[in-house]
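What follows is one structure encoded as structure tokens, with my remarks underneath.
The values are calculated or read from the model by the stated rules, or taken from the named source; none is laboratory data. Values in this document were obtained by computation on a predicted structure and should not be read as measured data. So basically every Cβ, Gly included, is an ideal-geometry build from the backbone, and we count neighbours across all protein chains shown.
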Amino acid sequence: MRLSASISVLVALLWPAASHAKKTEDFRHSYEQVWGAAIRLIRVDQGYPIKDRDESVGYFLFDYRDDGRTYPGSVELVRVEDKASTIRVVVQIPAMPSYIERMLLDKLEKKLVDEYGEPAPPPPKTESPSDEPK
């Protein structure tokens, strides 16, 4: 019993950040731009098959390929209510190390800038009367 518990702990420590990996990034491009760029990045640029998608809900499922094996992945787009024109992208490939998700988000950011240019700067924060120093 003690040996199996030790092995379980060792496996958990050595397993490459896979169990609940997900990475997020906020983008200031429009929802339509981020959606289109994300689909093209995964399907066209990376060549991964898309298994399911729903633009109105803001997600798609794909198969990440590595060394002849496939791993399920997902991309989710969320409109961030407290930030004007901000789209949060969540990439998850639970069976892979988190740097794979980070790589895809970095490629998406580059693709958005290459195709649509830099996004408009965020609107200046307006101070309300309660924010003034007393």
Original post:
Checking Ile100 against (1) at pLDDT 95 or above; (2) surrounded by fewer than 17 Cβ atoms within 10 Å (Cβ to Cβ); (3) not in a strand (DSSP E or B), which test does it fail?
Top reply: (2)
Original post:
Does Asp114 satisfy the condition of being within 19 Å of Phe27 (Cβ to Cβ), modelled with pLDDT of 95 or more and loosely packed, with under 10 Cβ neighbours inside 10 Å?
Top reply: yes
